[in-house]
1. Can you give the relative contact order of the range 139-184 as a percent, counting alpha carbon pairs under 8 Å and 6+ residues apart?
2. Quick one: 3J(HN,Hα) in Hz for the range 26-43, Karplus 6.51/-1.76/1.60 with θ = phi - 60°, rounded, Gly and Pro as x.
3. Test of understanding: in a Gaussian network model of the chain with alpha carbons linked when under 10 Å, which of VAL161, VAL147, VAL177 would top the mean-square fluctuation ranking?
4. For the pair TYR94 and THR43, what calculated FRET efficiency results from E = 1/(1 + (r/R0)^6), where r is the Cβ-Cβ distance and R0 = 25 Å, to the nearest 0.05?
5. Sum -39500 (n - 2.57) across every DSSP H segment of at least 4 residues in the chain, then divide by the residue count to get the 222 nm mean residue ellipticity, nearest 500.
6. Aspartates and glutamates within cross-link reach of LYS69: Cα-Cα under 15 Å, excluding same-chain residues under 8 positions apart?
7. Between THR187, THR55, THR116, which gets the highest mean-square fluctuation from a Gaussian network model of the chain, Cα cutoff 10 Å?
8. Under 5 Å between amide hydrogens, which residues at least 5 positions from HIS6 or on another chain qualify, with H placed 1.01 Å from N in the peptide plane?
Amino acid sequence: MISKLHYITQGETAEEHLENIQRACSSGVEWVQLRLKNVDPKTILETAKKAREITAHYQTRLIINDYYKVAKEVNADGVHLGKKDACPLKVRDYLGKFYSIGGTANTLEDCKELLTKKVDYIGLGPFQFTETKKNLSPVIGEAGYKVLIEELKSETPIIAVGGITLDTVTSIIKTGVFGVAVSGAITNDFTSIPVFHQLLKAPSTNEQVYKLDDNK
């Protein structure tokens, strides 16, 4: 199952990432992506182990950004792959069918390529300018999401990402995307998580079981 709300971790240190995961889980988030950058492999692994302990306690799904071997070692729920990371097909062979695999896309062509590689969901963005991405790709905006969704005509969940806030989430969902990935807005205010859920109408009972129901 793919949640409608994804929390992408932030923090100046690995410890801050873990503290933020704890806060997010205690505030009701159901899907956490551990996103550590510019950190040595040992720290990645040790942080992922601790993140798994926290998320397991709250029965929250844990996705590891980039490091698919770490995802398997810590028994995470999946991995999110950037455009320069390993091929999703290779990762699927390594992880097996019970792990969720997501991929990053910035364009229609990116989405189509990921679909051929059988990802479970696509993180499409950026919606608008975001400090974490430094605007490396052109912003998509609401109109762009609507066009891309109509072009793709895919059952694979599309998750909007990049500068998403409470003020924008309702209009984004109306474009046809399945859900949103949020980082800064949640890190700055963990009490916003229940509000995001309400706006997304995304309690756990409303998640899409896309693999098991061919009618959806």
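1. 47 percent
2. 5, 8, x, 5, 10, 8, 10, 10, 7, 10, 9, 10, 6, 10, 5, x, 5, 5
3. Taking springs between Cα atoms under 10 Å, the residue moving most is VAL147.
4. 0.70
5. Rounded to the nearest 500, the figure is -11500 deg cm²/dmol.
6. ASP40, GLU46, ASP77, ASP85, ASP93
7. Comparing THR187, THR55, THR116 in the GNM, the peak value goes to THR116.
8. Here VAL180, ALA181, VAL182 satisfy the definition.
Every number in this text was worked out from the coordinates using simple rules, so none of it is lab data. The structure presented is a predicted model; accordingly, all values stated were derived computationally and were not measured. Virtual Cβ from ideal backbone geometry, glycine too; neighbours counted across all protein chains shown.
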